[in-house]
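To keep things clear, I will list the structure first and then write my remarks on it.
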Amino acid sequence: MALIRLVLMASIAALPLAACGGADKGNTGTANASNEAAAAAPASNQTLAAALHDDGDLDTLDDVARNAGLEDVLGGVGPYTLFAPNDAAFTAFGEDRANALKGAAMRPQAIALLRSHIVPGMITRRDLEAALANANGRQVTMRTMGQGSLTFARDGDAIVVTSEGARARLVGDEAVATNGAIHPIDAPLIATEPAA
Amino acid sequence: MRSMYLALGAAVAALASPVLAQGHGHGGGGGQGHGGGQAQAGGGGHGRGGGHSERGGGARHGGQGSQGAAQAERGGGHGRDRTSSAGHGNADRGHGNSDRGHGNSDRGHGNADRGHGNADRVHADRGHIDNRHAQQLADRSNRRVDRRAVVVTDRGSIVRLRYDPGRGLIQGCPPGLARKHNGCLPPGQARRLAAQHNWYDRYWSYRRDGIYRYDGGYLWRLRSNGVVSGFVPLAGGALWAGNPWPARYAYDPVPDYYRDYFGYRDRYSYRYADGVIYGLDPQTQTIRTISGLVTGDNWGIGSRMPAGYDVYNVPYAYRDSYRDTPSSLYRYSDGYVYQVDPTTQLIQTAIQLIT
């Protein structure tokens, strides 16, 4: 078995320090991309679960995530990146539906919804910007922790994300946690019309 | 190499020395075969994880560990979690009512809702949950895991949990619903289920091999004539804390690599199914928690990178070492970072994140 053991690595516990220290020096996204560094949002000591809980614009999603029993997932090693419909998004989605997703009877739906908004790994806003810049106007895609994908594109200065006919825009500030990142969005990314 | 306690907030000093030879790969030490084979027609046989783990001893073996997971996809037969001597089939003994639930949206949950309740309870329980969480995180941070990157060039050394879109569906009728009228339900009831249109119907739209409707913690597959032809236990429904593992629902044991990577404690036995890792009480085999989400994507050295990884997503702690360059892309998935050729999109190496 050919194993080449490498190098130094920081412990996972060093995540916040690495981030604060500017460990993220950027990526190119593709082979042709530039390596321009931009200041990443500073990482906090918080996990995704804690960051979600503390964000005053994400209360509904926090409730849905807790109802879904994903505290261990969002509080664990990860990493994951959560595209988080904000409270206004859930209001537009329908308060009856949002409240239903907080209850036991719709826990499977809550989990399915969350999985459709989570992608593997740590993706910062700058990573998205870099990937879109390198794509030269094309869309870029990330698979979700459900079985779908999220597609990102530019719309002027904004980044829009689509999935299965749903469309949202990245709004507000990202939260970079020890085990991933949270990007607030202005609509849920899951189709809600009844099946034909 | 597993003797290092990690302390929060302290970076680990770099180790540039070449590899000490022990621990060739992280082989699914716990996994000896797998469960749920009964759901897979024609499975048969016993899977063999191959590896074993000697916790505390430092030495690990398990070069064939990945085969355990791989065979778990194929075979049937018995499963045996490392922390449980019960195989899949045995796990369900004594829990014959696990699959109740069709026709009544509450029945399928059993006692799963204790302690969780409705939305108000979610708020009320927050303090408790947060405290529990802090303890869990402390437990994980104290766990002996050496989080160093190791480049793997041998595809056989990669331990993967694999997603199979065909798995999860259980043919036939659940316990308690006898086969009637060529289906699990009387035709009238099945037709009513098929006729229901709910705003969340498309939450499981990736299942395209039939008409699916949600009811009572399960997803029901219906034929065009409305006859129920199978069902899928759902996370949060039939698969929820306090419920026994559903009979005939296929799973894979979670290999040591994932247990260590995710920092799972030994108090549970862990099972993987349909993209979700569950923690189970090793004594009762009841589900206790949702412990992780994994993609199950197939990242094989020499293979093409799976679709849906267009954005750099490497964890923070590894970004200094693994940044995209004109000659290499790096992508994270399920506990590994993979090096990919930007031109051919072929996977060149895997980098395991613990050793």
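The values are calculated or read from the model by the stated rules, or taken from the named source; none is laboratory data. Since the structure is predicted, the reported quantities are computational estimates derived from the model, not experimental observations. When we count neighbours, we look across all protein chains shown, and the Cβ atoms used for this are built from the backbone with ideal geometry, even at glycine. Accessible surface is based on the protein model in full, side chains and every heavy atom, while ligands, DNA and RNA are left aside. Shrake-Rupley method; radii C 1.70, N 1.55, O 1.52, S 1.80 Å.
A few comments on the model shown:
- Compactness of region A:96-196 as Cα Rg over 2.2 N^0.38 Å, two decimals: 1.13
- Expressed as a fraction of 2.2 N^0.38 Å, the value expected for a compact globular protein of N residues, the C-alpha radius of gyration of region B:192-324 is 1.30.
- Accessible surface buried upon B-A contact (total; probe 1.4 Å; Å², nearest 100): 8200
- Charge tally for residue A:151 (other residues, Cβ to Cβ under 11 Å; Lys, Arg +1; Asp, Glu -1): +1.
- In this structure, residue A:105 and residue B:303 have a Cβ-Cβ separation that, at R0 = 51 Å, corresponds to a calculated FRET efficiency of about 0.75.
- Estimated from the Cβ-Cβ distance and a Förster radius of 35 angstrom, the FRET efficiency linking residue A:162 and residue B:153 is about 0.40.
- The amide H of residue B:206, built 1.01 Å from its N in the peptide plane, has no neighbour under 5 Å, considering only residues 5 or more places off or on other chains.
- Between residue B:191 and residue A:45, the C-beta separation translates, for a Förster distance of 60 Å, into a calculated FRET efficiency of about 0.65.
- All alpha carbon pair distances within region B:275-325 were sorted into 5 Å bins beginning at 0; the resulting P(r) in whole percents reads 4, 14, 13, 18, 18, 10, 10, 9, 3, 1, 0.
- Chain lengthening between residue B:223 and residue B:346 when straightened (0.36 nm per residue, less Cα-Cα): 40.3 nm
- Shown for region B:289-336: the carbon plus sulfur share of the solvent-accessible area, taken with all protein chains present and a 1.4 angstrom probe, equals 45%.
- In sequence order, calculated HN-Hα J values of region B:242-252 (Karplus, 6.51, -1.76, 1.60; Hz; x Gly/Pro): x, 8, x, 5, x, 4, 6, 8, 5, 8, 10
- Exercise: per-residue mean of other protein chain Cβ atoms within 10 Å, B:289-298: 5
- Nonlocal amide H pairs with residue B:243, under 5 Å, H built at 1.01 Å: B:287
- For residue B:292, the residues whose modelled amide H falls within less than 5 Å of its own, excluding neighbours fewer than 5 places apart on the same chain, are B:277.
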